[in-house]
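Throughout, read-outs are computed from the coordinates displayed, never taken from laboratory work. The shown structure was predicted, so the numbers you read here are calculated from the model rather than taken from an experiment.
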Amino acid sequence: MYPIAVQQPSTVSRTTTVTKAPPNYWDSEVYECCDDMGTCCFAFWLFPCFQCATVRDYGECLCLPLLDTGCAGFSPVCPPISMAMRASVRERHKIPGSICKDCCVMYWCLCCAWCQMAREIKNYKPPASIVTAQTTTVTTPGQTIMYPVPSFQPQPTNVINVNNVNTGH
């Protein structure tokens, strides 16, 4: 017999320094619409459809922007749904700003502000991933797995005993 020497684990100390991360900002400015011409053209030519698609991509009800009807354009009222959407995007992505700035941007630059929100949502959208699952049964040698008989199998009604049949011999 030989003696076995076991070494006890040593104590590990770790120092963590927490620093406040700088605030995020919009990935693009309000008037950088031409950087993404597809988004710009979609918003310019089919603005209500563009709003609905942007809200859907954000994860909200796609009919939500239709409640802004009558507020956009030359109305003295700032579109409330558009403002709520912009404030929500800012909050979700931790972008500094204020309701006052949101109101000014939405009142004077509604289409460009929606393009900016769409670009922001597109930039933060997680990539699609496909997950597949497969069930595997693992048995160890000598182990028997009994599977239950499904109850939907028809039971035989007339059973013929082959051993007792007279064959005429």
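Using θ = phi - 60° and the Karplus relation 6.51 cos²θ - 1.76 cosθ + 1.60, list the HN-Hα couplings for segment 99-104 in order, rounded to whole Hz, with x at every Gly or Pro.
Result, ordered by residue: 5, 4, 5, 4, 4, 5 Hz.
Where a Cα-Cα gap under 20 Å defines reach, which aspartates and glutamates qualify for Lys101, not counting those fewer than 8 residues away within the same chain?
Excluding near neighbours in sequence, the set is Asp27, Glu29, Glu32, Asp68, Glu91, Glu120.
On a full-extension model of 0.36 nm per residue, what is the gain between Trp108 and Ser28, subtracting their alpha-carbon distance, rounded to one decimal in nm?
The span from Trp108 to Ser28 would gain 27.0 nm if fully extended.
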